[in-house]
1. For segment 165-189, give me the residue count where each residue is within 13 Å of Glu73 (Cα to Cα) and either assigned to a loop (DSSP other than H, G, I, E, B) or among the charged types (D, E, K, R) (or both).
2. For the structure I just gave you, tell me whether Glu73 is under 19 Å from Ile177 (Cβ atoms), in contact (Cβ under 8 Å) with a residue 40 or more places away in the chain, more than 15 Å from the chain's Cα centre (by Cα) and surrounded by fewer than 19 Cβ atoms within 10 Å (Cβ to Cβ).
3. Do we find a residue being touching a residue at least 60 places away in the same chain (Cβ under 8 Å), within 30 Å of Ile136 (Cβ to Cβ), not aliphatic (A, V, I, L, M) and not in a strand (DSSP E or B) anywhere in segment 92-106?
4. Pairs only if they're at least six apart or on different chains, beta carbon under 9 angstrom, first in segment 44-57 and on the phi < 0 side of the Ramachandran plot, second part of a strand (DSSP E or B) and β-branched (Val, Ile, Thr); list them, first residue then second.
5. What number goes with the only condition from (1) without any contact (Cβ under 8 Å) to a residue 40 or more places away in the chain; (2) within 30 Å of Lys8 (Cα to Cα); (3) among the charged types (D, E, K, R) that Glu172 does not pass?
6. Which one of these is open to solvent by 60 Å² or more (accessible area, probe 1.4 Å) and aromatic (Phe, Trp, Tyr): Phe125, Phe132?
7. Looking only at segment 181-189, decide whether some residue is of a type in the set (Gly, Ala, Ser), crowded, with 16+ Cβ neighbours inside 10 Å and touching a strand residue (DSSP E or B) at 6+ places or on another chain (Cβ under 6 Å).
8. Pick out the one residue from Lys83, Lys46 that is under 17 Å from the mean Cα position of the chain (by Cα), exposed (fewer than 15 other Cβ atoms within 10 Å of the Cβ) and not aliphatic (A, V, I, L, M).
Amino acid sequence: MSKLMYGKGTNSKGKHKVSVKGVHTPAYKTWRNMLQRAYCPKTHAKQPTYIGCSIDGEWHDFQDFAEWFENHEYSNHGYHLDKDLLIPGNKIYTPDRCVFVPSQLNNLLLDSGASRGQYPQGIRFYKNTNRFRASININGKKQHLGYFDCPNEAYTVYRKAKEANVKRMALEWQDRIAIDVFQALMNWQLTE
């Protein structure tokens, strides 16, 4: 790599390969995607939750990131690189804050704020009944939690169901995730 990737990323040409037989390595794909999320204006336009994210300077060099990647538990399982499970709200990709999380668990924690509208997560207002409905997706199936007179009541029920579901999923995945990931999931709380 001779030019900077997304204005920041370089490859100091060490032992870690960008590709093998014309196919990008998992470490390279993960590094490139991290740079894109942190520094690409087109990505920020489509996914504004990444605005304000940055990457520890050490990881601007592919070789340093790849060294961490290769020595990190679960890096080669196809899991997602996560920056804010251990420290909620974290916006910096750094070796001591990032972990690998299975996509099923990572997707479970998505806020979807941009697409859900004005009400809290898990809540919809129905004009025909003038009530608020709480529902949750569990294993890809929508489960109705009830109708309520105010969004706060509906959200309280949703929050309890969501937190219980995250804990249930953590227990299901316990032997396939790192201990710090498991502990963070067991302590996870929905914040609005």
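The values are calculated or read from the model by the stated rules, or taken from the named source; none is laboratory data. All of these numbers come straight from a predicted model, not from anything done at the bench. All Cβ positions, even for glycine, are placed from backbone atoms using ideal geometry, and neighbour counts span all protein chains on display. SASA here: full protein model, heavy atoms, side chains in, ligands and nucleic acids out. Shrake-Rupley method; radii C 1.70, N 1.55, O 1.52, S 1.80 Å.
1. Total meeting the criteria: 5.
2. So Glu73 passes the test.
3. Yes.
4. Cys53/Ile92; Ser54/Ile92; Ile55/Ile92; Asp56/Ile92
5. (2)
6. Phe125
7. no
8. Lys46
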